[in-house]
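Enquirer: Here you go, one structure.
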Amino acid sequence: MNYLELLAPAKNIECGIAAIDHGADAVYIGAERFGARAEAGNSVRDIAELCKYAHVFKAKVYVTVNTIIYDNELQDTEKLIWELYRAGVDAILVQDMGILKMQLPPITLHASTQTDNRTAEKVAWLAAHGFKRVVLARELSLDEIAEIHSKVPNVELEAFVHGALCVSYSGQCYASQYCFNRSANRGECAQFCRLKFNLEDTDGQTIIRDKHLLSLKDVCRIGHIKQMAEAGVTSFKIEGRLKDIAYVKNVTAAYSQKLDEIVRHAPETYRRASLGKCRYTFTPNLNKTFNRGFTDYFLTGRHDDITSFDTPKAMGEYVGKVKEIRGETFTVAGTAAFANGDGLCFINEKRELEGFRVNKAEGNRIHPLKMPATLKRGTSLYRNNDKAFEDLLSKKSATRKIGIWMTLSATDDGFELTASATEGTGTQGKTATERPTVSIKTDKDEALKPQRDNIIKQLSKLGNTPFECQEVKFQPETFNYFIPSSVLADMRREVVSLLEKTITDERTGDDERQDKAAATTVNPLSGEQVKTSYLLNVSNKLARSFYEDDGLTGVEDALELKRPANALLMQCRHCLRYSLGRCPKRGGNISEWHEPLYLRLPDGRRFKLRFDCNNCKMDIYADN
């Protein structure tokens, strides 16, 4: 049986609970320090509360400890990991290999995407060092994922399915640190890739001016989930630990429904990794929450739809074209319904994103708060804030309940009540737990009138518990005894409490780390990393010792600790040659410019491009 896990982001406990309520099988969240989103920190106390909530549904909580660590932080990091373990956290995501030299509790380790996981060799190496799961590079195709799974079948593979994309391979981006002294490997990315650039050739000719040449669309793979599962992915990750609660609700619900659909069509092959069925007050729509337009990135091969050169901001859903402009109002040709407070936007004549707020909507006639001077007849409009949808999601928008079956039996000296729960959010009738039983000793009085309906009614009163009753069975079938409603209520409360404890206790069986093996049988380091070993991101003595024990000597300090000249700042699968129709491997036009090419920021700083056609990769270097 293949268990499918939907992994949702949580910037705080409220988002984490919302993710669970809307169908997540697991959530990932940052602690107060050492997470790769410095602005998304949470106290251990809050994380413990989230664990308590999640574990009732057999859902898991993972905490990001995936920054590189400095020597003066090692002790605090080890202390934090122990606190997270005691709080009930199911796993931690790790980038810094120095953590493996610490005295750790028996907590499960996941290799963060920051460890740059693009090959089977790297995944095998990480497994040999105790990692149970590896978060794959976003750039991998289905074939590459399948190859990794076939070569390393015992390692769990986690892959991103939705959200913002980093243009550089994760963990290998140094532009923010180099240019702004804000390290992406320390959770402080300044989003260098979302800036405007000129593209110039070696003669100083400007090929493209003032475009967001490294800005990518957001990834959306909801149409490829089954193929990803078939390739070996077990955890489907939604990006967004800085996103708001409406985003978490909407995106989690959409992907949870997709996973349920896969389970329904192949119940003998797939099952959800947690318990409970979700009911929503809204219809999920991925176009209605933050996005820069969508791409499946390189999942099904290289395409020319991955970039967002005009703007790095959210455009939202297409809602129609401007039909008529009359004074300070205009009409929209299309079928979309508008609401007061909607946010609309468009690409103006300068190819820049321009937005405005709807002050009043009368059918398809729009009264902007301030009429955009550049709005023209025929302009395509997008809605990047849907007021009605946001209002719907601002309220309680989902309930999640675990279906349970109860059996009331007559015994020699009284009665007993047994309960069992279903397994997986998209299945019915599969038992996931032992069958806790509550017994009472009492006289068995024959009922003077039928009692079955009242018994079912009393036992089904599960109220604010996480359970809902699917069926009450009787043993024997001719069951016809009188039991006071107060006694039934006491038995129901006790058996439900035992069932909840059973589910929570069952979760603890997965806390042991992957057994370590001899790591010297594989070499995960690419030629580039060996030559320029600051790419190993070694920023403390324990990490250095780790690599030396693994046979790698002469390891350089991380770029955060030094400033090498002409540094390799980014490794990208996104290629400007390809995007501009100049790829020599794929039949592109002959370039009229002279290479090497450069990206130039408005402040004059320049970055050299090197095209590695053998590996279908574009590298970006500091030009100094």
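Enquirer: Count, please, the residues in region 558-573 that happen to be part of a loop (DSSP other than H, G, I, E, B), buried (at least 17 other Cβ atoms within 10 Å of the Cβ) and touching a Lys or Arg at 6+ places or on another chain (Cβ under 9 Å).
Expert: 1
Enquirer: For region 396-429: of the residues being surrounded by fewer than 16 Cβ atoms within 10 Å (Cβ to Cβ) and assigned to a loop (DSSP other than H, G, I, E, B), which is modelled with the highest pLDDT?
Expert: So, considering only residues that are surrounded by fewer than 16 Cβ atoms within 10 Å (Cβ to Cβ) and assigned to a loop (DSSP other than H, G, I, E, B), the one modelled with the highest pLDDT is LYS396.
Enquirer: Say we look at region 536-556 and pick out the residues that are surrounded by fewer than 16 Cβ atoms within 10 Å (Cβ to Cβ) and under 22 Å from TYR174 (Cβ atoms); which of these is modelled with the highest pLDDT?
Expert: Per the criteria, the residue is LYS541.
Enquirer: Another question about this same structure. So which residues in region 380-400 are in contact with a His (Cβ under 9 Å, 6 or more places away or on another chain) and among the small types (Gly, Ala, Ser), if there are any at all?
Expert: SER397, ALA398
Enquirer: List pairs: first residue in region 398-419 and within 20 Å of LYS457 (Cβ to Cβ), second residue of a type in the set (D, E, K, R) and not in a strand (DSSP E or B) anywhere in the structure, Cβ distance under 6 angstrom, at least six positions apart or on different chains.
Expert: Taking only residues 6 or more apart or on different chains, the pairs are THR418/ARG435.
Enquirer: Let me ask you something else. For ALA120, are the conditions met, namely being open to solvent by less than 20 Å² (accessible area, probe 1.4 Å) and at pLDDT below 95?
Expert: Spelling it out, it is not the case that ALA120 is open to solvent by less than 20 Å² (accessible area, probe 1.4 Å) and at pLDDT below 95.
Enquirer: Out of GLY301, GLY293, which single residue is surrounded by fewer than 18 Cβ atoms within 10 Å (Cβ to Cβ), within 27 Å of SER579 (Cβ to Cβ) and small (Gly, Ala, Ser)?
Expert: None of the others qualify; the one that does is GLY301.
Enquirer: If VAL219 satisfies all but one of (1) in contact with a Phe, Trp or Tyr (Cβ under 8 Å, 6 or more places away or on another chain); (2) assigned to a helix (DSSP H, G or I), what's the number of the condition it fails?
Expert: It is condition (2) that VAL219 fails.
Enquirer: Which of the residues that make up region 105-156 are closer than 23 Å to ARG573 by Cα and in a loop (DSSP other than H, G, I, E, B)?
Expert: Correct list: SER112, ASP116, ASN117, ARG118, THR119, LEU136, ALA137, ARG138, GLU139, LEU140, SER141.
Enquirer: Which of the residues belonging to region 480-497 are open to solvent by 30 Å² or more (accessible area, probe 1.4 Å), over 15 Å from ILE440 (Cα atoms) and in a helix (DSSP H, G or I)? Full working, then the answer.
Expert: In the first step, residues of region 480-497 are kept if they are open to solvent by 30 Å² or more (accessible area, probe 1.4 Å); the result is 480-482, 484-487, 490, 493-494, 497.
Of the ones still in play, those that are also over 15 Å from ILE440 (Cα atoms) are 480, 497.
Correct list: SER497 only.
Enquirer: Within region 466-479, count every residue that is closer than 30 Å to ALA54 by Cα and outside any strand (DSSP E or B).
Expert: Selection size over region 466-479: 1.
Enquirer: Also: With (1) among the hydroxyl-bearing types (Ser, Thr, Tyr); (2) crowded, with 17+ Cβ neighbours inside 10 Å; (3) touching a helix residue (DSSP H, G or I) at 6+ places or on another chain (Cβ under 9 Å) as the list, and TYR318 as the residue in question, which single condition is left unmet?
Expert: (2)
Enquirer: Could you check how many residues of region 339-365 are free of Cβ contacts under 8 Å to residues at least 40 places away in the same chain, surrounded by 14 or more Cβ atoms within 10 Å (Cβ to Cβ) and assigned to a loop (DSSP other than H, G, I, E, B)?
Expert: 1
Enquirer: Quick one: what pairs do we get from region 295-315, first residue free of Cβ contacts under 8 Å to residues at least 24 places away in the same chain, second open to solvent by less than 40 Å² (accessible area, probe 1.4 Å), C-beta under 9 Å, 6+ apart or different chains?
Expert: Sorted first by the residue in region 295-315, then by its partner, the pairs are HIS303/THR295; HIS303/ASP296; HIS303/TYR297.
The values are calculated or read from the model by the stated rules, or taken from the named source; none is laboratory data. Small disclaimer: the values here were computed from a predicted structure and weren't measured. Note that each Cβ is placed from the backbone with ideal geometry, even for glycine, and that neighbours are counted across all protein chains shown. Quick note on the areas: whole protein, heavy atoms, side chains included, nothing else; ligands and nucleic acids left out. Shrake-Rupley method; radii C 1.70, N 1.55, O 1.52, S 1.80 Å.
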